[in-house]
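Just so you know, all these numbers are worked out from the coordinates, no wet-lab data involved. Keep in mind the model is a prediction, meaning the values are calculated, not measured. Here Cβ is always computed from backbone atoms with ideal geometry, including for glycine, and neighbour counts include all displayed protein chains.
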Amino acid sequence: MSWHITPSTSRAGRIDHWRALDGSRLEMRPLPPLQPGDEERVRVWFNGLSPETRRNRFFGTISEFTDSAIHELLTIDPTRDYLLVVLRREGDQQQPIGGGRFVHDDDGESASFSLLLGDSWQGQGIGRRLLKALLREASRRGLHRMHGDVLTDNLPMRRLAHSLGFEAVESPADADADADADADVIHLVRNLRRTRFLPWRGARRNFMRKYSLS
Ligand SMILES: CC(C)(COP(=O)(O)OP(=O)(O)OC[C@H]1O[C@@H](n2cnc3c(N)ncnc32)[C@H](O)[C@@H]1OP(=O)(O)O)[C@@H](O)C(=O)NCCC(=O)NCCS
């Protein structure tokens, strides 16, 4: 993939590097600007996902991800969406192996999250890393709540969310007695602690750097 590394100093633009269990070099970062051919590579990757993974993420049977569906997934409004991708370095290219996002709700106080990892990358702690980073960024943005819908039988996602402080609550759809279609979905919610913005910290760091005091 032609996505390239552009170091960033802002927290929202933070890039994390680590090695996977098989030694692969992985990188988690906000979605970089797309280059020609990237959407097609992502489409091929999505179409290689198992039926179970597709169902767990999209709650339905999706036989084929179209160009327009992928375009929509990768088109974000940075003021309302946050999309992290996990990339695997292969020579001078990077292949997508997963991602996570949240979308602000209209109330300006909460956001809904979703996570997706390729089948062979699940169960290695990458989902935990993604969800923690989403929570951090949502707090940094001053949001008060994160929530997400998960299939009742998706135990990995439920355990992961539970271990990071999410609780299952009755979703508005469940409150509707006729909402049979949503009977197998649970709604997970977690309150966020606002990360206090401390401008003096940045100013102190810049001062120390400028005068080589650190
Ligand atoms: C659900 C998903 C995001 C979890 O990410 P992951 O990287 O596989 O999970 P992690 O390795 O970070 O595991 C975190 C926790 O989840 C639980 N977990 C992970 N895999 C599990 C499995 N196969 N069985 C049971 N629990 C599991 C464990 O409690 C684990 O805790 P631990 O770190 O103490 O072992 C990932 O499996 C995935 O993308 N699934 C398909 C799409 C999906 O379900 N999306 C969620 C809907 S939004």
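Once label points are set 7 Å from the Cα along Cα→Cβ at both L74 and H144, what is their separation, rounded to one decimal in nm?
Spacing of the two 7 Å Cα→Cβ label points: 3.7 nm.
Within region 62-156, report the GluC sites (Glu not before Pro) that DSSP leaves as loop and that have at most 11 other Cβ atoms within 10 Å. Walk me through the intermediate numbers first.
Details: sites: E64, E72, E90, E109, E137; in loops: E64, E109.
When the GluC sites (Glu not before Pro) of region 62-156 are filtered for loop state and at most 11 Cβ neighbours within 10 Å, E64 remain.
Above 27 Å lies some portion of the pair distances; for region 16-210, what is it as a whole percent of all C-alpha pairs? Could the numbers behind the result be given before it?
Details: 6658 of 18915 pairs.
Looking at region 16-210, the distances longer than 27 Å represent 35 percent of pairs.
³J(HN,Hα) across region 42-49 via Karplus (A = 6.51, B = -1.76, C = 1.60, θ = phi - 60°), whole Hz, x for Gly/Pro?
Once θ is set to phi - 60°, the couplings for region 42-49 become 5, 4, 4, 4, 4, 6, x, 6 Hz.
Nearest 5 percent is fine: what portion of the DSSP beta bridges confined to region 16-210 is antiparallel?
On the way: 36 of 39 bridges.
About 90 percent, rounded to the nearest 5.
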